[in-house]
Amino acid sequence: MNFKSYLLIALCLCAQSQIIAQNVPEESLEEVVVTDSRFKLKRENSGKTVIKISQQEIEKYQGRTISELINTKSGIEINGSRSNAGQNLGVYVRGGRNRQVLVLIDGIQVNDPSQISGGYDLRLLNLNQIESIEIIKGAASTLYGSGAATAVINISTKAASAKKISADFSSSIGTNQTESDQNNNIADFNNAVAFSGTLKKFTYRAAFNNQFSDGLSAVISQTNEKDAFSKYGIDVNLGYKFSSAFSFNFYGNHTDSKSDIDGFDMNFNLVDTADEFNSSQSRVGVSSQFKYNNGSLNLNAAFSEYDREFVSDFPSLYTSRNLMFDVYNKYVFDDTFYTIIGLNVIENNATFVSDETFSITDPYANFVYVSDFGFHMNAGVRLNNHNVYGSHFIYNLNPSFTFKSNTGYTKFFGSYSTSFITPSLSHLYGDFGANPNLQPEENLTIEAGIEFKLNSNFRFSSLFFNREEINTVLWINGGYLNAADVLNAKGVELELNATLIEKLSIEANYTFVEYKEALARRIPKHKANVQFGYEISNTTFTSLSYQYTHERFENSFVPLLDSFSILNFYISHTALKSKVKFFGGLDNILNESYEDVPGYSTKGRNVRLGFNLTL
């Protein structure tokens, strides 16, 4: 019996256990999702299987990174998240690549124009400053523009406390070692502090965080050479509520990191070197909202600067800037028809041999219909106006139908969506393999699925997707070219959240991804995650999680990376009227040996201890 058979049997047994469990109030039916429509809608009225990561779940990952957390969700593989802290990350969602995943922070796009993919480096974020995360998979370009082809990761930062003054402190320490070098030295440190409050109409929040990791070589090393990583970040958010109708927020943040990295010898073999990678990001922005009867006018704007420096025998320096502007009007007709009309403007600039710039100006509209008989429709259009590629029309149709009962609902949904992905400035004008004649990539995504929910203690969803890619940008023979063939990525996602018995919960997911015409680099065909959580008491929680990653194709020199499994343990205890939480974790309990990125180190068995204090 193969792995998929075991997983299917496990899911069926979990479902059977839940069906016979006792009924509880259906309060979780009020769970709302935002990212797929920009309105707060009940989950049962959404035409997507939105992944919502709450603050409670985030707290269970303290001491880890945001990429490690997101990597446990269905359809997502973040390559490099299990390696040295300075390792570059590859974000693959449903077989897509970094440039097909859009990251939002508090609802506005973020990206580094000098990056090859034009994407955003998740290493710049600190999990302690994040309130919640919503992930929608599939095309969302009508609402969010170029790049939102396979997923949108919407990250909400923490808001100011309702008290006049509040303080949060957190700290963790741990080992940072490979499977073959179990020295048990303390080599990973994370610290964060934040002050926030509300003074009548004025709100404020200021936070600082730092991370230092050592003990792990970037490449697989025979000399036990260590490559350190350090990072610090500062966040400030100030808000003022002029009236019940008008509010204004100003924010700014700065992140600086330094990584010891390894390079290549004259034969292009990976070797231990004394190279460095230094990165900094500064960002300022404003958000405001003016409410009126049944609607609101919203403005988000941000300016970001990025600096990246590689110190080696072949040094390089990259600087980039971008300006994001998004203004939109939201209006609701009789609680059944939700409308958005907006304008999104982006200007990206990066310095290579010379300064290069492109701009995008997109008017867009989105409409959501929520009926009282179960039928719902989310539809949108967008006109992408690129200063190089001209105008391109994209659209989205996302119908769903919900059958409600006294104890839950059954929802059927589907979508038919197009996306437009412009080549990055690095693709067009960068230092390695640039091609100014590249054409933009076009995607067509079809989804069909079902979601079943019973009370607050059982939810199961199943989804099929198929994405057709035209003009896919690929690295071919030392340069970037558009693929001559139409590529098709297809797959299946299964998700389960259930309470098996009182205080015992399970969260499980399985993903199957396949490219019909080509081998997908670094993308596992099969991936599964299972986490069991148990409340020992009202103050003590523990969990055991398992992740299976199937073998992955790399290249003609490294045809396959072996499959691997990781088992993790977590425990937390709250004290002093929930003001203090102590936590600990044991990762890769079985000390599995594997490669995440060919030739680079991965983490073996590691332990982590820490605390959170709220005053």
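The values are calculated or read from the model by the stated rules, or taken from the named source; none is laboratory data. Since we're looking at a predicted model, the values are computed, not measured. Note that each Cβ is placed from the backbone with ideal geometry, even for glycine, and that neighbours are counted across all protein chains shown.
Can you tell me which of 24, 91 is farther than 25 Å from residue 305 by Cα and either at pLDDT 90 or above or of a type outside the set (Asp, Glu) (or both)?
Only one candidate qualifies: 24.
Select from the stretch 94-122 the residues that are assigned to a strand (DSSP E or B) and either out of contact with any Gly (no Cβ under 6 Å at 6 or more places or on another chain) or surrounded by fewer than 22 Cβ atoms within 10 Å (Cβ to Cβ) (or both) and list them in ascending order.
101, 103, 104, 105, 108, 109, 110
When you go through (1) surrounded by fewer than 22 Cβ atoms within 10 Å (Cβ to Cβ); (2) within 13 Å of the chain's Cα centre (by Cα); (3) closer than 20 Å to residue 459 by Cα one by one for residue 31, which number turns out not to apply?
Among (1) surrounded by fewer than 22 Cβ atoms within 10 Å (Cβ to Cβ); (2) within 13 Å of the chain's Cα centre (by Cα); (3) closer than 20 Å to residue 459 by Cα, residue 31 violates only (2).
Within the stretch 152-167, is even one residue closer than 23 Å to residue 416 by Cβ and not β-branched (Val, Ile, Thr)?
Yes: one or more hits.
Does residue 262 count as among the acidic types (Asp, Glu), under 30 Å from residue 188 (Cα atoms), part of a strand (DSSP E or B) and touching a Leu at 6+ places or on another chain (Cβ under 8 Å)?
It is true that residue 262 is among the acidic types (Asp, Glu), under 30 Å from residue 188 (Cα atoms), part of a strand (DSSP E or B) and touching a Leu at 6+ places or on another chain (Cβ under 8 Å).
Has the stretch 135-146 got at least one residue that is polar (S, T, N, Q), surrounded by fewer than 23 Cβ atoms within 10 Å (Cβ to Cβ) and in contact (Cβ under 8 Å) with a residue 24 or more places away in the chain?
No: zero hits.
Please find, among 189, 195, the residue that is in contact (Cβ under 8 Å) with a residue 24 or more places away in the chain and either surrounded by 18 or more Cβ atoms within 10 Å (Cβ to Cβ) or within 21 Å of residue 64 (Cα to Cα) (or both).
Criteria check complete, one pass: 189.
Kindly evaluate residue 551 against the criterion of being surrounded by fewer than 15 Cβ atoms within 10 Å (Cβ to Cβ), within 21 Å of residue 89 (Cα to Cα), at pLDDT 90 or above and touching a strand residue (DSSP E or B) at 6+ places or on another chain (Cβ under 8 Å).
Spelling it out, residue 551 is indeed surrounded by fewer than 15 Cβ atoms within 10 Å (Cβ to Cβ), within 21 Å of residue 89 (Cα to Cα), at pLDDT 90 or above and touching a strand residue (DSSP E or B) at 6+ places or on another chain (Cβ under 8 Å).
What are the residues in the stretch 212-250 that are over 22 Å from residue 276 (Cβ atoms) and in contact (Cβ under 8 Å) with a residue 60 or more places away in the chain, if any?
Across the stretch 212-250, the qualifying residues are 235, 237, 239.
Does residue 8 meet the test of being under 29 Å from residue 405 (Cβ atoms), in contact with a helix residue (DSSP H, G or I) (Cβ under 8 Å, 6 or more places away or on another chain) and modelled with pLDDT under 90?
No: the conditions fail for residue 8.
Considering only residues that are among the aromatic types (Phe, Trp, Tyr) and free of Cβ contacts under 8 Å to residues at least 24 places away in the same chain, look in the stretch 545-599 and name the one that is nearest to residue 504 (Cα to Cα).
So the residue we want is 546.
Among all residue pairs at least 6 apart or on different chains, which show Cβ distances below 6 Å where the first residue, located in the stretch 162-186, is more than 20 Å from residue 63 (Cα to Cα) and of a type in the set (Ser, Thr, Tyr) and the second is modelled with pLDDT of 95 or more and surrounded by 15 or more Cβ atoms within 10 Å (Cβ to Cβ)?
166/196; 166/197
Which of the following residues is more than 22 Å from the chain's Cα centre (by Cα) and touching a residue at least 60 places away in the same chain (Cβ under 8 Å): 505, 456?
456
Can you spot a residue in the stretch 178-186 that is crowded, with 21+ Cβ neighbours inside 10 Å, more than 30 Å from residue 467 (Cα to Cα), over 23 Å from the mean Cα position of the chain (by Cα) and of a type in the set (Ser, Thr, Tyr)?
For the stretch 178-186, residues crowded, with 21+ Cβ neighbours inside 10 Å, more than 30 Å from residue 467 (Cα to Cα), over 23 Å from the mean Cα position of the chain (by Cα) and of a type in the set (Ser, Thr, Tyr): present.
Any chance you could count how many residues in the stretch 198-250 are in a strand (DSSP E or B), among the hydroxyl-bearing types (Ser, Thr, Tyr) and under 18 Å from residue 286 (Cα atoms)?
4
Please state which one of 507, 493, 469, 451 is modelled with pLDDT of 95 or more, crowded, with 16+ Cβ neighbours inside 10 Å, of a type outside the set (A, V, I, L, M) and in contact with a Leu (Cβ under 6 Å, 6 or more places away or on another chain).
One residue alone meets the criteria, 493.
I want to confirm something. Restricting to the stretch 584-603 and keeping residues that are modelled with pLDDT of 95 or more and either among the hydrophobic types (A, V, I, L, M, F, W, C) or farther than 23 Å from residue 532 by Cβ (or both), which single residue is surrounded by the most Cβ atoms within 10 Å (Cβ to Cβ)?
586
From the list 265, 275, which residue is among the acidic types (Asp, Glu), surrounded by fewer than 16 Cβ atoms within 10 Å (Cβ to Cβ) and either without any contact (Cβ under 8 Å) to a residue 40 or more places away in the chain or within 26 Å of residue 80 (Cβ to Cβ) (or both)?
Result: 265 is the single residue among 265, 275 that is among the acidic types (Asp, Glu), surrounded by fewer than 16 Cβ atoms within 10 Å (Cβ to Cβ) and either without any contact (Cβ under 8 Å) to a residue 40 or more places away in the chain or within 26 Å of residue 80 (Cβ to Cβ) (or both).
Where in the stretch 123-197 are there strands (runs of 3 or more DSSP E), lying wholly inside it, with at least 2 residues that are touching a helix residue (DSSP H, G or I) at 6+ places or on another chain (Cβ under 7 Å)?
Because the criterion is at least 2 residues that are touching a helix residue (DSSP H, G or I) at 6+ places or on another chain (Cβ under 7 Å), the strands (runs of 3 or more DSSP E) in the stretch 123-197 that meet it are 130-137, 151-157.
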